[in-house]
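As structure tokens, the structure follows; a few thoughts come after it.
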Amino acid sequence: MSEAYENDMAAEQEILDRIAAAEPEPEEATDPRQRGRRLGRPKKIDARGVARWRRTNGASIAQTAEHFGISPRVVSKASAEHKEAVRLWIEDREDQDWRQLDAASELLTMKIRKLKEAGEEADRIREAHRNGEASYEDVLDAMGTVRFWASSVGAFNEGRDSLWRS
């Protein structure tokens, strides 16, 4: 029983590790740009700040350009870059949420399967006890395993519900 329990816990830990590491492993970067280094002349404006000011104040491109003392083309480009960055961030976040949901679903399926198997084993041991082939301690041990998996599924569902409510 303890060896099966350890194997089950190892499988559960493996799935939990995959949930925690929902992001794929980054490959080794050789290009300076891939390592986060910016090439070229430094920007004189904060594109995010320009786009945010324009959206907050409901200003036109010309009004924003006048406010920051930059050309309308720079304002237009800054707004487009900011929009694209936000879109990519949202897509990445959605992908990460789906990876976590898939791993969580796999974990719950495994726990439910283990609960079903433990219940079937407990039924077999109870029947063996009625026939005098198993001790009362064996029945208690089997029922403890059923309670463990039942509480594990219940705790998982409570945690999952609070995760998706936030």
Criterion violated by ALA47 - all others in (1) in contact with an Asp or Glu (Cβ under 6 Å, 6 or more places away or on another chain); (2) more than 18 Å from VAL86 (Cα to Cα) satisfied: (2)
In region 135-156, residue nearest to GLU106 (Cα to Cα) [restricted to those that are loosely packed, with under 15 Cβ neighbours inside 10 Å and of a type in the set (Ser, Thr, Tyr)]: SER151
Hey, ARG113 at pLDDT 90 or above, part of a helix (DSSP H, G or I), over 20 Å from the mean Cα position of the chain (by Cα) and not hydrophobic (A, V, I, L, M, F, W, C) or not: no
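Can you tell which of GLU81, GLU121, GLU137 is acidic (Asp, Glu), in a helix (DSSP H, G or I), touching a helix residue (DSSP H, G or I) at 6+ places or on another chain (Cβ under 8 Å) and over 30 Å from GLY58 (Cβ atoms)?
Values: GLU81 fails: over 30 Å from GLY58 (Cβ atoms); GLU137 fails: touching a helix residue (DSSP H, G or I) at 6+ places or on another chain (Cβ under 8 Å).
The unique qualifying residue is GLU121.
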The one condition in (1) loosely packed, with under 15 Cβ neighbours inside 10 Å; (2) farther than 30 Å from SER152 by Cα that ALA47 fails to fulfil: (1)
Matching residues in region 100-123 - criterion: being over 19 Å from ILE15 (Cα atoms) and in contact (Cβ under 8 Å) with a residue 12 or more places away in the chain: ALA118, GLY119, GLU121, ALA122
Of all residues making up region 54-87, the number that are surrounded by 13 or more Cβ atoms within 10 Å (Cβ to Cβ) and either closer than 14 Å to LYS43 by Cβ or among the hydroxyl-bearing types (Ser, Thr, Tyr) (or both): 12
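The values are calculated or read from the model by the stated rules, or taken from the named source; none is laboratory data. The structure presented is a predicted model; accordingly, all values stated were derived computationally and were not measured. We place every Cβ from the backbone using ideal geometry, glycine too, and count neighbours over all the protein chains shown.
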